[in-house]
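Derivation of every value follows stated rules applied to the coordinates shown; laboratory data play no part. All values reported here derive from a predicted model rather than from experimental measurement. In this analysis, Cβ positions are derived from the backbone assuming ideal geometry, glycine residues included, and neighbour counts consider all displayed protein chains.
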Amino acid sequence: MRRAYRMLATGTVLLTFPEGAASVGAQDAAAGSRRLQVAPFNSIEVRNSGHLVVRPAQTQRVTLLKGSLEYTRVAVTDEGVLVVDRCRVKCPRGYELEIEVLAPSLRRLSLANGGWIQTAGNFAPQTDLAVVVRHGGRIDVRSMAVDRVTATVEQGGRILTVPRGSLFARVAQGGVITYWGNAQVRSSIQHGGVVHEGSAEELSLPLAELGPPLAPDHGPHRSR
């Protein structure tokens, strides 16, 4: 089913524009980045891989750090989901996409087909967050203070989180969910996967330095 994308008052759709178009937004000459004009959003969905860093800010902002709007589409649906489609047309070999997102909070983060999403900075506490990885990739939300986290990995990938109150962790057909803290944990594993508590040393490691986790001695997962 096709998703409807949020419209401007003039009736034009908030999509990306051709390379070099002035309506795309301000360009940072020093960094070569490009600020994108998008409607307000409450969630992020990354398709077909890509690298996104999400930082806390009172005002939402989306900046293209690496990549081209000739290949990548960024749009907001009527449900308030910021959708990043890395290759809406065939990308050249070795094509890289990096985007910075500023937002005060988010309801949901999802990633498919590789790449990573990482939060950075001190977010204000929030009540609920859903995190989903499908077909490979990593989402790191260790810097987000969330009471209740719902984490899902399907057919490969990894999620890292520090829930404050509770965690519902589901893995299907392979994947890993790593958590820290003293939250109440409920887990479901179908056809392979791991839900486990990370070590104190791992908690402060950068995402790039975290290797594949080992199943704890007491089994593939633990519920409190």
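Miscellaneous remarks
- Modelled label reach - residue 143, point 7 Å along Cα→Cβ, the range 58-100 residues with backbone N closer than 18 Å: 58-66, 98-100
- Gain on full stretching of the segment that runs from residue 55 to residue 180 - 0.36 nm per residue minus C-alpha separation: 42.9 nm
- For the range 61-68, putting each phi into the Karplus relation 6.51 cos²θ - 1.76 cosθ + 1.60 with θ = phi - 60° gives couplings of 7, 10, 10, 7, 8, 8, x, 9 Hz, in residue order, rounded to whole numbers and with x for Gly and Pro.
- Net lengthening on full extension, residue 102/residue 126 (0.36 nm per residue, minus Cα-Cα): 7.1 nm
- Separation of the residue 201 and residue 79 label points, Cα + 7 Å toward Cβ, nm: 4.2 nm
- Scanning residues 5 or more positions from residue 97 or on other chains, those with amide H under 5 Å from its amide H are 51, with H placed 1.01 Å from N in the peptide plane.
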